[in-house]
Amino acid sequence: MERINAVMKALENNNMNAYFVENREEAKNLTEKLLEGCDTVSHGGSVTLAECGINELLNNGNYTYLDRSKAKTPEEMKKIYVETFDADAYISGTNALTEDGKLYNVDGNCNRIAAIEFGPKKVIVLAGVNKIVKDLDEAALRVKKIAAPLNTKRLNLDTYCNKFGECVSVKSGGKMTDGCNSPSRICCSYSICAQQRIKGRINVIIINENLGY
């Protein structure tokens, strides 16, 4: 708990609100509370959100839910992505959370990191304790060895990390942004949220469970 308290203090120092809950049900309830007063809401793709029942919450709540799973064409999907920038709230997981209070995320389409960084009035990030890492170097390695391989396997993408269980750059000691040349690569853009100008826009819920990738 000492480590979690230190991370929460670091998040607060970076002008992000930090919360701690014991389990996914508490995370869902807190998310609902944080959504009070919000009308238009959306979220990024996230195993953690699915495990916490956030889709169910948004479908059953009194929200204007920009649900990308309802898009039938690439044009409809893009429309939802663009409309999300004007949402009252955006909910997301995170690839890693550093001990000094930084959010580290890597995207393929970049809609998730774009919405975290700009647009929606409120951002709610759900993170299991397994997402906590020492620093950005460990965060980058976590994506290369855990998040990317498991996500490409889940999405059945033709990438090196899906086939071999880690990024091609791991053995060569490659830089943070190094990786394969596959058209299906999901590690295309990199985001680090450090100290924020808008205090309290980003709300991080740390969950005392291992959740997501």
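Read-outs throughout are calculated quantities, based only on the coordinates presented, and are distinct from any laboratory measurement. Please read all numbers here as calculations on a predicted model, not as lab measurements. Positions of Cβ are backbone-derived with ideal geometry, glycine not excepted, and every protein chain shown enters the neighbour counts.
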Expected 222 nm ellipticity per residue - DSSP helices of 4 or more, -39500 (n - 2.57), all of the chain, to 500: -9000 deg cm²/dmol
Per DSSP, loop chymotrypsin sites (Phe, Trp or Tyr not before Pro) in the range 12-110 with at most 16 further Cβ within 10 Å: F85
For the chain, built as a Gaussian network whose Cα springs stay under 10 Å, the top-fluctuating residue of I91, I198, I80: I198
Gaussian network model of the chain, springs between alpha carbon atoms under 10 Å - residue of N181, N203, N95 with greatest fluctuation: N181
Trypsin sites (Lys or Arg not before Pro) lying in DSSP loop within the range 112-146, provided at most 16 other Cβ fall within 10 Å: K121, K134
Sparsely packed trypsin sites (Lys or Arg not before Pro) within the range 181-213, loop by DSSP, other Cβ within 10 Å at most 13: R197, K199
Fraction of beta bridges assigned by DSSP in the chain that are antiparallel (%, nearest 5): 25 percent
Cβ-defined net charge surrounding G53, 11 Å radius [Lys, Arg +1; Asp, Glu -1]: -2
Dipole magnitude of the range 2-207, debye to nearest 20 (Cβ charges: Lys/Arg +1, Asp/Glu -1, about Cα centre): 520 debye
Given K33/K153; K163/K199; K78/K144, the pairs whose alpha carbons are separated by over 32 Å: K33/K153; K163/K199
